[in-house]
Amino acid sequence: MTPAAASMPALQAELGPIQDGRATLRIAGGWQIHDQLPALEPIASRLEAASELKSLGFQADGLTAWDSGLVSYLTSLIDRCQQRGIAVDPAGLPEGIRGLLRLAYAVPERQGARRTKKSISFVQQVGEQALALTRSTGEIMAFLGEAVLAFRRLLAGQARFRKADLWLNLQEAGADALPIVSLVTFLVGLILAFIAEAQLAAFGAKIYVADLVGLAMVIQLGAVITAIVLAGRTGAAFAAQLGTMQVNEEIDALRTLGIAPMEFLVLPRLLALILMTPLLAIYANLMGILGGAFVANVAGDITLVEYFIETQKAIGWNDLIQGLISATVYGAIVAVSGCLRGIQCGRSASSVGLATTSAVVTAIVFIVIAAAVLTLIFNALGL
């Protein structure tokens, strides 16, 4: 401990005796918020228990330093005195503290401003969640309706957006996503091939590793993995961009100028993902098949020529078409989720983070649902 710290008086808050209905609270030492401040309850309890007490004064001659910690302590004490009907005389306090106390009590506390904990029953929680789901469903349907109208205006040549924005979004959603899509899909194909090779080796059917990996990637996994990567990368970026514009009131400014945000902001992003997701899915299929070929060649003693010939036999045009249709739907889901949550963003920085998280979660949930529905439809059609 330094000599200066050793010589500093300890924090003191002592209540003197009551004389003629008045008591004095002696405050001494350095009252700062990072220090361990004296407990308020013992003094407040003594004040409330003294029936003959009518007023409270202060003596602060020994006060060496103070900050908002002392002000907070005094306001809490004054509130307790007012509840008890005890008058408070702040004349013995330093002028700076008296000024802050006057500011603290200049405007009366608004009714209901204090946060109170409310116990909510399980049934009420379920009801509130059901109502929130209903409202969210309505908002999603309204957003989809506006998107369809924007597409109709696009086909009629009436949509207003900058072509440069479309090309920029195409680059961000397509070329810039190639490295992460390459890595993830190659590793997924590699893992699938390892599992298939270990199981099929027992039957002497290692060559069918090519069939399993190829069909799994082309029909479903290539599109799903690409969509999930885009949801975490591009969809989140869309939500953050539009959310920040909402915070800065740029979207309100567009509406004031008579420019529809759906056309100017959402439509280029929606087009970019609808166009680029199928192309990325084809590339993901290729990388997954290459990952399977690597494992089959190294662990299964299958030559690359044999592997690719078997893959070509297994994959048909109908399989490729299924994957491309699925990828297009997933791309639209990612774009709608990101733009919807961005447009719904609040007016604070924390709202942008919540919108980004919600965009990713919404996209992934609806991608999984769409994958199940599309699988049922393709099976019903006999594809």
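Here, each number is a calculation from the coordinates, and none is a lab measurement. The structure presented is a predicted model; accordingly, all values stated were derived computationally and were not measured. Quick reminder, even Gly has a Cβ in these numbers, built from the backbone with ideal geometry, and neighbours come from all protein chains shown.
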Quick one: order Val295, Val305, Val373 by neighbouring beta-carbon count within 10 Å, fewest to most. Val305, Val373, Val295
Whole number please: convex hull volume per residue, Cα atoms of the stretch 3-104, in Å³. 97 Å³
In whole Å, what is the distance between the alpha-carbon centres of the stretch 200-261 and the stretch 126-172? 16 Å
By counting other Cβ atoms within 10 Å of each Cβ, how are Val123, Val266 ranked from fewest to most? Val123, Val266
Take each uninterrupted DSSP H stretch in the chain, measure its Cα extent along the helix axis, and return the ones at 30 Å or beyond whose mean Kyte-Doolittle hydropathy is at least -0.5. 122-155, 178-200, 267-299, 317-343, 349-381
Whole-Hz Karplus couplings 3J(HN,Hα) for the stretch 28-39, θ = phi - 60° and coefficients 6.51, -1.76, 1.60, Gly and Pro as x, run 9, x, x, 8, 9, 5, 7, 8, 7, 6, x, 6
Over the chain: helical MRE at 222 nm, DSSP H runs n ≥ 4 each giving -39500 (n - 2.57), nearest 500: -21500 deg cm²/dmol
Given a Förster distance of 25 Å, the FRET efficiency implied by the Cβ-Cβ spacing of Ile377 and Arg135, rounded to the nearest 0.05, works out to 0.30
Could I get the Rg over Rh figure for the chain? Both from C-alpha atoms, Rh via Kirkwood, rounded to two places. 1.26
Counting Lys and Arg as +1 and Asp and Glu as -1, each charge on the Cβ, what is the dipole of the chain about the Cα centre in debye, to the nearest 20? 900 debye
In nm, spacing of pseudo-spin labels at Leu187 and Ala164 (7 Å Cα→C-beta vector): 3.8 nm
Restrict the search to the stretch 296-356; then list the trypsin sites (Lys or Arg not before Pro) that DSSP places in a loop and that have at most 16 other Cβ atoms within 10 Å of their Cβ. Arg347
Separation of the Leu103 and Arg46 label points, Cα + 7 Å toward Cβ, nm: 3.1 nm
Can you put Leu70, Leu131, Leu166 in order, fewest other beta carbons within 10 Å first? Leu131, Leu166, Leu70
Which residues qualify? For Ile302, with a placed amide H closer than 5 Å and at least 5 residues away or on another chain, they are Asn297
List the residues whose amide H sits under 5 Å from the amide H of Thr64, counting only those 5 or more places along or on another chain, with H placed 1.01 Å from N in the peptide plane. Gly29, Gly30, Trp31
Can you grab the distance from the C-alpha centre of the stretch 45-98 to the C-alpha centre of the stretch 320-383, Å, no decimals? 59 Å
Loop sites only, by DSSP: take the GluC sites (Glu not before Pro) in the chain that have at most 14 other C-beta atoms within 10 Å and name the longest stretch containing none of them. 110-248
Sort the stretch 157-250 into rounded, prolate or oblate with this rule: let a ≥ b ≥ c be the square roots of the eigenvalues of the Cα gyration tensor; rounded if a/c is under 1.5, and if a/c is not under 1.5, prolate when a/b is larger than b/c, oblate otherwise. prolate
